[in-house]
Structure formats: structure tokens, C-alpha cells
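What follows is a single structure, written as C-alpha cells, with notes after it.
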Amino acid sequence: MGDMNFPKFWARGQSGGFSVWRWSDTSVVEAKVAAQAAAVKLAAQFEADNLPRDRYGYGTRPMREPVIREIRNAAGELTNAITRNSYGCQVLNSAGAMFVDVDFPNEKPKGAGLFGSLFGKKAEPEDPAKASMAKAAAWAQNHAGWNWRVYRTKAGLRLLATHTLFDPANPVCEQVFAAMGADPLYRRLCQTQKCFRARLTPKPWRCGIDHPPARWPFVNEAAERAFGNWDAKYQAASEAKATCRLLDAGQGALHEDLREMVALHDEMTRSRAVGLELA
């Protein structure tokens, strides 16, 4: 899988009522040995009342996601991969395309509060996108040649740097994340997975669909069939939604090695569709 960290083999270990998943790039047997050892260790820690504080490990270990599609460059190197996350959405993982998702804070509209109600002033909702777009514009202005592609999401903005490729381990990425206000967990995940991530399909609950009944790797054929039935309903429900909406393609360059990825992203997110609700 190139430098991106998506182990092919996963297995579950169980001990003392605890269930633990572990991974391997070599074999399911190796994954099983590691999983069983981790489960035994966790059970022992529970007995000793010494459970680790960060029990969930989000952003500290590889994501347990199946690879649905691989995209390679002319040299045969893996540059992008589409995976499916724990709640059934397809996710773009890119070795070199810097995505920055920014969630908006829940702010009160102008004119709201005591004085607004006393004087009969109507609340004027602020567009939270303005502040985030201003930060992005300021960054681009202060860094020659920088170009942002800007999208609106359900909860905020998605920024994509299109002028060049980035290594997720490059310190400049952390500088950009901090300046744009990217989610700390996402920032840590980029380091762990050795790639940038962008959700391509809507969240199921925003389409009126529950979480999937099973997760990869499936424990048996019945679980796999149950997921397949769920996925068919999810795909049908998500047809009427868009994941993001393109606001600004920028005035700068689109790197040649990013063209295919950008086209795929925009198509799968329905970013240019008119009238679709964001989900």
C-alpha cells in the first residue's frame, strides 16, 4: 500500500470479556497472535485496576478499513486509496493532497440576547464561513504560489491545497492545520495513517439511515450479507445528498498529479450538484 498505513490483515482476540482487534501486513495468523496477546494484557490490566487512559486509541493506530479502490501514478506508486470507515462512508486517503477540514463553532447570531430582544432587533445570522475563508486567504497571500480549493461541508469548510504535493510528515502541514483550526484528532490521524483524508459520501444518519449492522472484516457470511443489504439502502438514500459544495476553485495552479484525484473527489462528493442538501 505504498507509504499509506492500511494493514491488509486483521483479527480479533478475546479474553476476560474483552475483545481487541490487531493488524498485520504479513498474515491473519500474525494478526491473531497480536490480538490475543493484547486482549490478555487488557484483561490483566482490568483485574489490576490499571486500564490505560486512552483506551480508544483514535489517531494512534491504523484504521480498520477495507481498501475499495487504489489509484496509482505512472510509476506504479500508490497515491490515493478509497476506504470504507466504521459507519459505512467511503473515504479518500491521499498520500500527497493536503485536505484540511474545519468545523465551525456554534456561535450566537448578531443581535441575539437581552438587548436584542428588548429593542426588538432581529437576530442577524453570521456566516461562519467568512472567518475561515479569511484565514485561508491570508495564508495563501503570505505564502507565494499557494492555492486553495474551498468547499462547504455540512459542519464547516473543506480546504484542499492544489498547487503542490505534501508529505503528511512535513512540519508545514502541522503549521497549516494549526493556522486553519483543523481538528486535533484529524491532525494526529494524518500522522498515523501517513496520508490526508476526506469523506466522499454522506454520513448515513444524515440520510435517515442507521449505522451499519456489521463491520469489516466480517465475522461470518451472515454479517457480510447484512452489511450488503444495509449498503444498498444507504447508497439509495444518499443519492439525494451531497457531501460538500465547491465554493471557490482558487486562481492559482492545479498540480498535474492532483487532477485525477480532484475530479474523482468532486464527482463522488457531488460538489457541483445544484440543490442537494449537504450531509
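The values are calculated or read from the model by the stated rules, or taken from the named source; none is laboratory data. Because the structure is a prediction, the values reported are computed rather than measured. All Cβ positions, even for glycine, are placed from backbone atoms using ideal geometry, and neighbour counts span all protein chains on display. Ligands, DNA and RNA are stripped out before the accessible areas are found, and what is left, the full protein with its side chains, is counted by its heavy atoms. Shrake-Rupley method; radii C 1.70, N 1.55, O 1.52, S 1.80 Å.
Out of LEU247, LEU189, report the one residue that is open to solvent by less than 60 Å² (accessible area, probe 1.4 Å), of a type in the set (A, V, I, L, M) and either in contact (Cβ under 8 Å) with a residue 60 or more places away in the chain or not in a helix (DSSP H, G or I) (or both).
It is LEU189.
Only one residue in LYS41, LYS8, LYS32 is buried (at least 17 other Cβ atoms within 10 Å of the Cβ), basic (Lys, Arg) and either over 30 Å from ASP167 (Cβ atoms) or modelled with pLDDT under 95 (or both). Which one?
Step by step, each of LYS41, LYS8, LYS32 is checked, and only LYS32 is buried (at least 17 other Cβ atoms within 10 Å of the Cβ), basic (Lys, Arg) and either over 30 Å from ASP167 (Cβ atoms) or modelled with pLDDT under 95 (or both).
Would you be able to say whether some residue in the stretch 223-242 is closer than 18 Å to ALA129 by Cβ and either polar (S, T, N, Q) or not in a helix (DSSP H, G or I) (or both)?
There is at least one residue in the stretch 223-242 that is closer than 18 Å to ALA129 by Cβ and either polar (S, T, N, Q) or not in a helix (DSSP H, G or I) (or both).
In this structure, does ARG149 turn out to be open to solvent by less than 50 Å² (accessible area, probe 1.4 Å), touching a residue at least 12 places away in the same chain (Cβ under 8 Å) and touching a Gly at 6+ places or on another chain (Cβ under 9 Å)?
Against the criterion (open to solvent by less than 50 Å² (accessible area, probe 1.4 Å), touching a residue at least 12 places away in the same chain (Cβ under 8 Å) and touching a Gly at 6+ places or on another chain (Cβ under 9 Å)), ARG149 qualifies.
Only one of these conditions is not met by HIS211: (1) open to solvent by 80 Å² or more (accessible area, probe 1.4 Å); (2) under 17 Å from CYS89 (Cα atoms); (3) in a helix (DSSP H, G or I); (4) touching a Pro at 6+ places or on another chain (Cβ under 9 Å). Which number is it?
(3)
Hey, can you tell me all the residues within the stretch 219-244 that are under 21 Å from the mean Cα position of the chain (by Cα) and open to solvent by 100 Å² or more (accessible area, probe 1.4 Å)?
GLU239
Considering only the stretch 175-182, I want to know if a residue exists there that is of a type in the set (S, T, N, Q), in a loop (DSSP other than H, G, I, E, B) and surrounded by fewer than 21 Cβ atoms within 10 Å (Cβ to Cβ).
Checking the stretch 175-182: not a single residue is of a type in the set (S, T, N, Q), in a loop (DSSP other than H, G, I, E, B) and surrounded by fewer than 21 Cβ atoms within 10 Å (Cβ to Cβ).
For the stretch 128-138, name all the residues that are open to solvent by 30 Å² or more (accessible area, probe 1.4 Å) and either touching a helix residue (DSSP H, G or I) at 6+ places or on another chain (Cβ under 8 Å) or free of Cβ contacts under 8 Å to residues at least 60 places away in the same chain (or both).
Matches in the stretch 128-138: PRO128, LYS130, ALA131, ALA134, LYS135, ALA137, ALA138.
Write out, first by first residue and then by second, each pair whose Cβ atoms fall under 8 Å of each other, whose residues are 6+ apart or on separate chains, and whose first residue, in the stretch 83-103, is farther than 14 Å from ARG149 by Cβ and among the basic types (Lys, Arg) while the second is open to solvent by less than 10 Å² (accessible area, probe 1.4 Å) and not in a loop (DSSP other than H, G, I, E, B).
Pairs that qualify, where the first residue is farther than 14 Å from ARG149 by Cβ and among the basic types (Lys, Arg) and the partner is open to solvent by less than 10 Å² (accessible area, probe 1.4 Å) and not in a loop (DSSP other than H, G, I, E, B), are ARG84/VAL91.
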